[in-house]
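What follows is a single structure, written as structure tokens, with notes after it.
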Amino acid sequence: MSTHTSLALQSKIKQFWNWGPLLFTGFYLLPTFFNFEQLSVLNITATLLFYCAFIVLYIKAINCANTNVTALFIAMLTVCVGASFFTSGTSTLFGFTAYIAGFCFTKTSRLAAGLSVIVGVICSAYIIDLHGPEYFLGVAIILSVALFTFGFAGQKERTYKQREQESAKQLEQLAAIAERERIARDLHDILGHSLSSIALKAELASKLNQAQRYPQANSEIEQVAELARQLLSDVRSAVSDLKQLNISNQVATLMERLKEQGFDVDLHIDINKLPVKVEGIASLIIKEAVTNLLRHSKNKRCAIYIKQSEEQLEINIVNYDLCEKVNKGNGLNGIKERASQLGGLINIETGECFSLNIILPLVREYEVTL
């Protein structure tokens with residue numbers, strides 16, 4: 001079943017539960033139906049008018065804010081009592097009025113509304129001349145208590161869903177903030193160093209030109225042009241990554257970049273289908289690590305190991321340069337921040353080589369989005 005079909009089905013089910021129960025108000029008309037030949041035109045007309053008025057009031061009440069429902073509720077209760085002069089079927093309408101009391105009111109107001117329904121039932125049973133008042137009273141009270149409870153449960157569910165929607169909106173806002181911060185880090189990593197180099201080389205070229213050292217000035221200008229082309233390529237790559245964070249495509253693209261720069265790469269990948277959140281963060285981490293390789297590796301020998309188990313994804317990036325000390329710049333700090341989003345761990349080893357090991361727990365989709 002497609003997502004569109006599923007959403008449409010859910011919408012139809014929701015609409016049914018909003019208006020479907022109104023079908024049961026038809027029991028109000030049963031006494032009129034069974035005694036149709038014995039009733040006057042005035043009685044039948046009044047019964048139908050009261051029924052139509054009640055349905056209109058009920059629909060307005062169910063869609064009304066809690067602060068404005070009191071007048072509608074009083075009107076519904078008045079209709080029920082008034083209709084009892086013409087038919088005993090109002091026991092059904094009292095039940096639906098009790099549902100509004102449980103669904104639309106809160107705390108003490110709910111209790112007062114529920115008691116007023118019971119009072120209305122008693123008035124209809126004993127003040128108005130009905131045949132079999134005990135039967136009417138029993139049916140009306142049972143329906144009222146049951147639907148009052150059902151309305152109260154419906155209000156609890158509605159409140160829970162509202163809170164859930166508010167929490168979802170807050171999570172979306174936090175996710176948007178985190179995404180903006182990630183994009184800012186990416187732009188800083190991509191643009192910062194390159195633009196600084198372009199500015200310095202452009203100034204140097206200007207000074208060389210003023211000193212009439214034209215060959216050196218032309219060389220610096222050519223380097224500026226090369227840096228600008230490389231920067232443009234990096235920006236396009238970053239935009240492509242934002243559009244689709246797929247770990248397999250990411251690794252394939254990065255391997256091409258490494259080979260273009262003359263790297264000898266030992267690559268081992270063993271992964272299945274990853275949760276979207278994990279795959280997106282892992283792709284960004286691998287990209288950042290490879291970017292560091294391209295910038296800092298001297299002998300251009302490296303290894304990339306990516307292995308998935310049932311509980312975690314392990315990423316190991318090795319640069320076979322001699323490394324005695326690590327200066328954590330924006331690149332490594334960005335990797336650490338991204339891994340921490342999933343509660344991941346990072347371990348750095350130095351010595352004869354530089355080894356970056358990242359462990360990301362495989363958080364499932366429902367654990368991420370709740």
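Run down 358, 304, 335, 348 and say which single residue is farther than 22 Å from residue 249 by Cα, open to solvent by less than 70 Å² (accessible area, probe 1.4 Å) and either modelled with pLDDT of 85 or more or hydrophobic (A, V, I, L, M, F, W, C) (or both). Quick ask: steps written out before the conclusion?
On the way: 358 fails: farther than 22 Å from residue 249 by Cα; 304 fails: farther than 22 Å from residue 249 by Cα; 335 fails: farther than 22 Å from residue 249 by Cα.
Every option except 348 fails the conditions.
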Problem set entry | Residue pairs meeting the criteria (Cβ under 8 Å; at least 6 apart or on separate chains; first among the β-branched types (Val, Ile, Thr), in region 40-51; second loosely packed, with under 12 Cβ neighbours inside 10 Å) | 44/36
Problem set entry | Criterion violated by residue 323 - all others in (1) in contact (Cβ under 8 Å) with a residue 40 or more places away in the chain; (2) open to solvent by less than 30 Å² (accessible area, probe 1.4 Å); (3) of a type in the set (A, V, I, L, M, F, W, C) satisfied | (1)
Exercise. Which one of these does residue 295 not meet: (1) of a type in the set (Lys, Arg); (2) modelled with pLDDT of 85 or more; (3) closer than 30 Å to residue 339 by Cα?
Worked result: (2)
Exercise. Just checking, how many residues over region 293-314 are in contact with a Phe, Trp or Tyr (Cβ under 9 Å, 6 or more places away or on another chain) and either in a helix (DSSP H, G or I) or of a type in the set (D, E, K, R) (or both)?
Worked result: 6
Exercise. Of all residues in region 23-42, how many are surrounded by 15 or more Cβ atoms within 10 Å (Cβ to Cβ) and not in a loop (DSSP other than H, G, I, E, B)?
Worked result: 6
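Residues are listed down the side, and each one gets a yes or a no for (1) acidic (Asp, Glu); (2) surrounded by fewer than 17 Cβ atoms within 10 Å (Cβ to Cβ); (3) within 25 Å of residue 337 (Cα to Cα); (4) modelled with pLDDT of 85 or more:
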| position | (1), (2), (3), (4) |
| --- | --- |
| 144 | no, no, no, yes |
| 150 | no, yes, no, yes |
| 178 | no, yes, yes, no |
| 201 | no, no, no, no |
| 213 | no, yes, no, yes |
| 222 | yes, yes, no, yes |
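Which residues, taken from region 271-289, are open to solvent by 60 Å² or more (accessible area, probe 1.4 Å) and either assigned to a helix (DSSP H, G or I) or over 23 Å from residue 341 (Cα atoms) (or both)? Explain how you work it out, then say what you get.
As a first pass, look at region 271-289 and keep what is open to solvent by 60 Å² or more (accessible area, probe 1.4 Å): 272-273, 276-277.
Those that are open to solvent by 60 Å² or more (accessible area, probe 1.4 Å) and either assigned to a helix (DSSP H, G or I) or over 23 Å from residue 341 (Cα atoms) (or both): 276, 277.
Just to be sure, is residue 185 closer than 30 Å to residue 225 by Cα, open to solvent by 60 Å² or more (accessible area, probe 1.4 Å) and modelled with pLDDT under 75? Steps first, please.
Details: closer than 30 Å to residue 225 by Cα: yes; open to solvent by 60 Å² or more (accessible area, probe 1.4 Å): no; modelled with pLDDT under 75: yes.
In short, no.
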Exercise. So, in region 104-132, of the ones that are buried (at least 24 other Cβ atoms within 10 Å of the Cβ) and not small (Gly, Ala, Ser), which residue ends up farthest from residue 59 (Cα to Cα)?
Worked result: 121
For this session: Please work out which residue is modelled with the lowest pLDDT, limiting yourself to region 224-261 and to residues that are in a helix (DSSP H, G or I) and of a type in the set (S, T, N, Q).
Result: 240
For this session: Could you please tell me which pairs satisfy a Cβ distance under 9 Å, a separation of 6+ or placement on different chains, a first residue in region 332-351 that is in a helix (DSSP H, G or I), and a second residue that is open to solvent by 60 Å² or more (accessible area, probe 1.4 Å) and charged (D, E, K, R)?
Result: 336/328; 337/181
For this session: Check whether at least one residue in region 17-36 is within 10 Å of residue 87 (Cβ to Cβ), at pLDDT below 90 and touching a helix residue (DSSP H, G or I) at 6+ places or on another chain (Cβ under 6 Å), and report yes or no.
Result: yes
Problem set entry | Which listed residue is surrounded by fewer than 15 Cβ atoms within 10 Å (Cβ to Cβ) and either within 18 Å of residue 31 (Cα to Cα) or small (Gly, Ala, Ser) (or both), from 98, 46, 71, 83 | 71
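The values are calculated or read from the model by the stated rules, or taken from the named source; none is laboratory data. Note that the structure is a prediction, hence the values are computed from the model and not measured. Here Cβ is always computed from backbone atoms with ideal geometry, including for glycine, and neighbour counts include all displayed protein chains. Keep in mind that these areas ignore ligands, DNA and RNA; they rest on the heavy atoms of the full protein, side chains included. Shrake-Rupley method; radii C 1.70, N 1.55, O 1.52, S 1.80 Å.
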